[in-house]
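S.K.: Okay, handing you the structure first.
The values are calculated or read from the model by the stated rules, or taken from the named source; none is laboratory data. The model shown is predicted, which means the values in this text are computed figures rather than measured ones. Ligands, DNA and RNA are excluded from the accessible area calculation, which covers all protein heavy atoms including side chains. Shrake-Rupley method; radii C 1.70, N 1.55, O 1.52, S 1.80 Å.
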Amino acid sequence: MTLSEHYIEDEIHPIDIVEHLAAHHEWDFDRISDEQIAMAVEGQWRTYSLTLAWSGFDESLRMICSFEVEPPQDKMPVLYELLNKINDQCWAGAFTYWPEEKLMVYRYGLVLSGGHVASAEQIDTMIAAAVCNAERYYPAMQLAVWGDQTPEQAMQVAIAEAFGRA
């Protein structure tokens, strides 16, 4: 049975779907309001904080996936150059660094204008893509900021993407 088969009604609030997915995956979560949920997803490198919020104004489901990073001030230009290279490879979503909060953030918005409804599979894929991208590029960030690698050198660890099955 697919995740969306749990829903019989045509219109389920996207945050209700996210809450169901979090329970299904056994992620720690907190329903902050009717329009927002926060959860922790364990990755290989980090535990990622994800927040998803529904905006009725622009009919979009907004997601941020974040983790703490405290680069030395002299490494900020290298980090920003690396982020440009990373974002050139990300087709959906983008990374940004929030220096005041000391957070690396991956942001994505799923636009559902015109009364469209998100499926559980769409939302699950959106969350998985955020965690996958964070996992894929985390080692490059480490190499560039603390390993004294150039952004080009650091990207080599993220360049290999597996396709198919073994």
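S.K.: Defining a contact as two alpha carbons under 8 Å apart and six or more residues distant in sequence, what relative contact order in percent does the chain show?
M.R.: For the chain, the relative contact order is 21 percent.
S.K.: Only Cα pairs under 8 Å and at least 6 apart count here; give the relative contact order of the stretch 83-124 as a rounded whole percent.
M.R.: Values: 27 pairs, mean separation 10.4, N = 42.
Reported as a whole number, the value is 25 percent.
S.K.: Follow-up. Per residue and in cubic angstrom, what volume does the convex hull of the Cα atoms of the chain have? If you can, show how the numbers build up before the last one.
M.R.: On the way: hull volume 23.2 nm³, N = 166.
Taking only Cα atoms, the chain has a hull volume of 140 Å³ per residue.
S.K.: Give the distance, in whole Å, between the Cα centre of the stretch 121-162 and the Cα centre of the stretch 48-87.
M.R.: One Cα centre to the other: 13 Å.
S.K.: May I ask you to give the solvent-accessible area per residue for the chain, in square angstrom, as obtained with a 1.4 angstrom probe?
M.R.: Working: 9670 Å² over 166 residues.
Averaged over the residues of the chain, the accessible area is 58 Å².
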